[in-house]
Each structure stands twice: as C-alpha cells, then as structure tokens.
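Read-outs throughout are calculated quantities, based only on the coordinates presented, and are distinct from any laboratory measurement. Just so we're clear, the structure is a prediction, and the values are computed from it rather than from any experiment. Positions of Cβ are generated from backbone atoms using ideal geometry, with glycine treated the same way; all protein chains shown enter the neighbour counts.
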Amino acid sequence: CTRQVLELYRRPLRAEGWDAALLAASTAADNLPRRAAARALATLRAAQARVLVATGAHDRVSTVVNGGRLAATLGARVGVVPGCGHLSHEEDPQALLALLAPFVDDALIGGAHGGGESGGDGTEAAVP
C-alpha cells in the first residue's frame, strides 16, 4: 500500500456529504421494489448477454453462494477469486484479471486468444 493509494481513499472522506451519499448508495438496493428488481433481472436475461458474476472466495458481502444464485437466475457463470474477500480488485488484482480476461476475450472476440476454462456447471475455473 502506497501513500498515493491511501490518499485516494482519504480524498472522498473530505468531501461534504460523503457519509450521507455512502449511506444512500448502500441502502438503495434495500429500497428497490421487488417487482422492479425482477423486471431488471428479466430484461438482462432476455438480452442473452454473456454475464460473469465474480466474487472472492471469502467475500462476506456478496458471498459465493449468493453469487451462484444470481448467476443461476441470469443463466450466467460465476467466477471465484481464491483467497480474496469483497475487494478482490485490490487484494489480488492479478488473480481477478486472470479470471476476467478469458471471459472478456471469449465474450468480445469469440475466444480467439484461448478463452476461459469453464466448469461443467457454468462456473469459471478458480484462479490458482
């Protein structure tokens, strides 16, 4: 962790109203009517977009189990970044990239560069 990274975390805390904005963003999903959420999920499913639900193996906010449920609802894949919690992009960015890159490659250009390993159940292979 560098001083520059720490400064990036501190900067928003100096802005007036940051705490109210964080609270509003954190509770927005709780205030979303179930019908609206169901419509949003149905729209995403109907789009037949390739979706990867990525989560850290030790994520207690978006657990692997809940990620799997969301992926099943969307007909998507779930990818697990081993050894990481909720901030896998910070905890082990290379492991997250190793999970995302093959998926994006496959989704955007049809896997011309090898594509990702996929489990038979729709899950992405965990990154070592």
- Item | Extension gain, Arg11 back to Gln48 (0.36 nm per residue minus Cα-Cα distance, nm) | 9.4 nm
- When the chain is modelled as a GNM with alpha-carbon springs shorter than 10 Å, which of Asp105, Asp59, Asp19 fluctuates the most? Asp19
- Task: Collect residues whose amide H, placed 1.01 Å from N in the peptide plane, falls under 5 Å from the amide H of Val51; neighbours closer than 5 in sequence don't count.
- Result: Arg77
- So the FRET efficiency between Leu41 and Thr2, C-beta based with R0 = 35 Å and rounded to 0.05, is 0.35
- Note on the structure: Once phi for every residue in the range 44-58 is put through the Karplus expression 6.51 cos²θ - 1.76 cosθ + 1.60 (θ = phi - 60°), the whole-Hz ³J(HN,Hα) values, with Gly and Pro written as x, are 5, 4, 5, 5, 6, 6, 6, 10, 10, 9, 9, 8, x, 4, 10
- Message: Need one number: nm distance between label points at Ala29 and His86, each 7 Å from Cα along Cα→Cβ, rounded to one decimal.
- Response: 0.9 nm
- According to the square roots a ≥ b ≥ c of the eigenvalues of the Cα gyration tensor, what is the shape class of the chain, taking rounded for a/c under 1.5, prolate for a/b larger than b/c otherwise, and oblate for the remainder? oblate
- Check: the chain dipole with +1 on Lys, Arg Cβ and -1 on Asp, Glu Cβ, in debye: 520 debye
- Value at 222 nm in deg cm²/dmol, rounded to 500, when DSSP H runs of n ≥ 4 in the chain each add -39,500 (n - 2.57): -14500 deg cm²/dmol
- Message: Just to be sure I understand: with springs between alpha-carbon atoms less than 10 Å apart, which residue in Leu22, Leu108, Leu97 has the highest mean-square fluctuation in the Gaussian network model of the chain?
- Response: Leu22
